[in-house]
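What follows draws every value from the coordinates through simple rules; no lab data is involved. Keep in mind it's a predicted model, so treat the numbers as computed, not measured. Methodologically, a virtual Cβ is constructed for each residue, glycine included, from the backbone with ideal geometry; neighbour enumeration extends over all protein chains shown.
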Amino acid sequence: GENVEQHPSTLSVQEGDSAVIKCTYSDSASNYFPWYKQELGKGPQLIIDIRSNVGEKKDQRIAVTLNKTAKHFSLHITETQPEDSAVYFCAANSNDMRFGAGTRLTVKP
Amino acid sequence: DTGVSQDPRHKITKRGQNVTFRCDPISEHNRLYWYRQTLGQGPEFLTYFQNEAQLEKSRLLSDRFSAERPKGSFSTLEIQRTEQGDSAMYLCASSLMGTGLSYEQYFGPGTRLTVT
């Protein structure tokens, strides 16, 4: 089955800096890669996703890149703000959705 | 607010008791998923329904767990004879699967279960 690894587990940046979170997956049949943001006491919120026929996707300050050959994908957040502080999860979908263990992002004002 | 609702939000129960959780998906979504999330981990897939049919169950879903979606709308997840290891956040998500192959899953706020 699919195995998703996510790094780093914690990330601390200064407000205005960029943050990058990386994930690798094992199942070459995976074709959909979403990213979720989870705040304390809430369910995961879909923030961006990418499909296997696309290499990069951008939505305002958030971008995701996918390298299918290397089986890795990354989340890039630019101009970070304190409200970006949360736990971020990557996921890969083949037969079912498998999630990484999460990255706790802290943006210091 | 994604439109997926779950009830209750919190449940404290004694070991050995049965508990039931409810999920109401986004109204036009035909797929409904259940996940379990423990502290410091990502959600783990348990099972999913397409309309009223339960199409896949994870090996994490022991015999004490049962899920239903009788009319293809809301779903219930029951845990019988709860154990302390069942303490977790139970998340529900829904998606619309059609000819466009939309995979986006939208999560509810979760039900936090504590077994004492």
- Note on the structure: Expressed as a whole number, the average count of other chain Cβ atoms within 10 Å around the Cβ atoms of B:41-54 is 3
- Note on the structure: Note on chain A: C-alpha Rg/Rh, Kirkwood Rh, two decimals, gives 0.96
- Remind me, what semi-axes does the range A:56-104 give for its equivalent ellipsoid, largest first in whole Å, using sqrt of 5 times each Cα gyration tensor eigenvalue? 21, 15, 8
- Looking only at A:Gly43, A:Gly55, A:Gly16, which one moves most when chain A is put into a Gaussian network model with springs between Cα atoms under 10 Å? A:Gly43
- Roughly what would the spin-label model give for A:Thr106 and B:Arg59, points 7 Å off Cα along C-beta, in nm? 3.8
- Which is the longest part of chain B that has none of the GluC sites (Glu not before Pro) sitting in a DSSP loop with at most 16 other Cβ atoms within 10 Å? B:53-82
